[in-house]
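Working notes for the structure below.
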């Protein structure tokens, strides 16, 4: 009888302890859960062909910064087309990798390309160029009608906007279609536009705000250094994605 009472008491205490064990709150979901994300450093040279680290620095630092804003590591890929890098990829491998990530993560797309450029497109490693028309086809295949943000950081990168724009798209470019951008020298840590995105991101509330802060940063830096003509970064924001970027897909802050 005593053993029975003891066992019953222990069982009751155990149930009571379980009932009063505090539950820890779950981590809030990021607005960018389920987004496919990619950062590509598509060149590694100055305009004269000398090796530089600015583009790969951008790849590393932009990847870390946007993951900190809530983009999931499991759906975030980054690539370098620098052939002597330990983790180098070919152009075809980059496109396949982004495509595979976009097939897994189907909520939205964030794509960032940093490279040299001209009025025909951006430098694409040793394989030539990636044209606006081809990038437009690829983004259509990868992202379809889902919310999509594409950043092209290169000289003359405004040429990409007509091929990439759409109601579900936001496009940011480092320069007008007829202007150079700056910061691709051997002593540069990042191209100026990439550096301004990194500088502005901690204070930005969303991608639209980020574009405004980055453009102001670029203009301030170019003015201070007497660089002419100004690069005038460009922004396109589709009507469908605009309200989503300030509400559903705002940064966590």
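Summary of computed values
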| item | result |
| --- | --- |
| Residue check, residue 71 modelled with pLDDT of 95 or more, over 20 Å from residue 154 (Cα atoms), crowded, with 16+ Cβ neighbours inside 10 Å and in contact with a strand residue (DSSP E or B) (Cβ under 8 Å, 6 or more places away or on another chain) | yes |
| Residue list for region 54-85, restricted to those being part of a loop (DSSP other than H, G, I, E, B) and at negative phi | 69, 71, 72, 81, 82, 83, 84, 85 |
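Every residue, every condition in (1) at pLDDT below 95; (2) over 14 Å from the mean Cα position of the chain (by Cα); (3) surrounded by 10 or more Cβ atoms within 10 Å (Cβ to Cβ), yes or no:
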site	(1), (2), (3)
2	yes, yes, no
22	yes, yes, no
61	no, no, yes
65	no, no, yes
76	no, no, yes
90	no, yes, yes
96	no, yes, yes
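The values are calculated or read from the model by the stated rules, or taken from the named source; none is laboratory data. Computed from a predicted model, the values in this text were never measured in an experiment. Reconstructed Cβ throughout: ideal geometry from the backbone, glycine too, with neighbour counts over all protein chains shown.
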